[in-house]
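J.: Have a look at this one.
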Amino acid sequence: MAVIREEACSKTIGEERARANVPEAEEFAKRFYNKYAYWPGWPAHPAYAGTTIFLMAIDKAGSLDPVKIMRAIEGISNPKSITGQPYYIRAQDHKSIQPIYLVKWTKSETPEIPDHWEIIAKHPHPEDAHLHDEYTARYDQMTY
């Protein structure tokens, strides 16, 4: 997880303007840095996002039973995702739908500001990047 900087989020490509002001990402990166004394790398983001969704599903299920957790995760949404919006789990195939960014790595010129991903563009419909309903596993219709 690299820090998403606001000044890097305003580059124009054609008529599309990439906007990814995600304060949750900045806050996460700062908390991580304050605890570990280095900026989080890319593995920190999916680990944090996945753990957050899993804990939300346990709360929703009210149980540690795997089947109840699996059913609770179907359709769950995280309104405070560190990746921005949308962020939800499709019921039929348990795929996370989240922003898809086109980025380039930017080296920092000062040690106070970490290297970061410059967002070039944001996919307008990330759900279209996954298989459509008719081609998915249909986990939501299976019995366990």
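J.: Go through (1) closer than 24 Å to Gly50 by Cα; (2) at pLDDT 80 or above; (3) over 14 Å from the mean Cα position of the chain (by Cα); (4) not aromatic (Phe, Trp, Tyr) for Lys122 and report which single condition fails.
T.: That leaves (3) as the condition not met.
J.: Among the residues of the stretch 1-57, how many are of a type outside the set (A, V, I, L, M) and modelled with pLDDT under 75? Step through it out loud before you land on a result.
T.: In the first step, residues of the stretch 1-57 are kept if they are of a type outside the set (A, V, I, L, M); the result is 5-7, 9-12, 14-17, 19, 21, 23-24, 26-28, 30-36, 38-43, 45-46, 48, 50-52, 54.
With the extra rule that they be modelled with pLDDT under 75, the set shrinks to 5-7, 9-12, 14-17, 19, 21.
The number of residues fulfilling the criteria is 13.
J.: Mind checking which residues of the stretch 104-144 are in contact (Cβ under 8 Å) with a residue 12 or more places away in the chain, of a type in the set (A, V, I, L, M) and closer than 25 Å to Glu74 by Cα?
T.: Hits for the stretch 104-144 are Ala129, Leu131, Ala137.
J.: Next up: Only one of (1) farther than 14 Å from Ala25 by Cβ; (2) assigned to a strand (DSSP E or B) is not met by Ile119, so which one is it?
T.: Status for Ile119: all satisfied but (1).
J.: Then there's this: Determine whether Lys68 is basic (Lys, Arg) and out of contact with any Gly (no Cβ under 8 Å at 6 or more places or on another chain). So that I can check it myself, show each step before the final result.
T.: Numbers: basic (Lys, Arg): yes; out of contact with any Gly (no Cβ under 8 Å at 6 or more places or on another chain): no.
Spelling it out, it is not the case that Lys68 is basic (Lys, Arg) and out of contact with any Gly (no Cβ under 8 Å at 6 or more places or on another chain).
J.: Can you tell me which residues in the stretch 33-55 are farther than 20 Å from Trp105 by Cα and of a type outside the set (A, V, I, L, M)? Show your work before the answer.
T.: At the first step, the residues of the stretch 33-55 found to be farther than 20 Å from Trp105 by Cα are 34-37, 47-55.
Asn34, Lys35, Tyr36, Tyr48, Gly50, Thr51, Thr52, Phe54 - these are the residues of the stretch 33-55 that are farther than 20 Å from Trp105 by Cα and of a type outside the set (A, V, I, L, M).
J.: Considering only the stretch 32-54, I want to know if a residue exists there that is within 21 Å of Met142 (Cβ to Cβ) and free of Cβ contacts under 8 Å to residues at least 60 places away in the same chain.
T.: Here is the first cut: in the stretch 32-54, the ones within 21 Å of Met142 (Cβ to Cβ) are 53-54.
Okay, now just the ones that are also free of Cβ contacts under 8 Å to residues at least 60 places away in the same chain, so 53-54.
Yes - at least one qualifying residue is present in the stretch 32-54.
J.: Let me ask something else about it. Restricting the search to the stretch 34-62, which residues are in a loop (DSSP other than H, G, I, E, B) and not aliphatic (A, V, I, L, M)? Show your work before the answer.
T.: Pass one, the stretch 34-62, residues in a loop (DSSP other than H, G, I, E, B): 37-43, 62.
Of everything in the stretch 34-62, those that are in a loop (DSSP other than H, G, I, E, B) and not aliphatic (A, V, I, L, M) turn out to be Tyr38, Trp39, Pro40, Gly41, Trp42, Pro43, Gly62.
J.: Give the residues of the stretch 82-93 that are at pLDDT 85 or above and within 15 Å of the chain's Cα centre (by Cα), sorted by residue number.
T.: Tyr87, Tyr88, Ile89, Arg90
The values are calculated or read from the model by the stated rules, or taken from the named source; none is laboratory data. Owing to the predicted nature of the structure, the values given are computational and were not obtained by experimental measurement. Backbone-built Cβ (ideal geometry, glycine too); neighbour counts: all protein chains shown.
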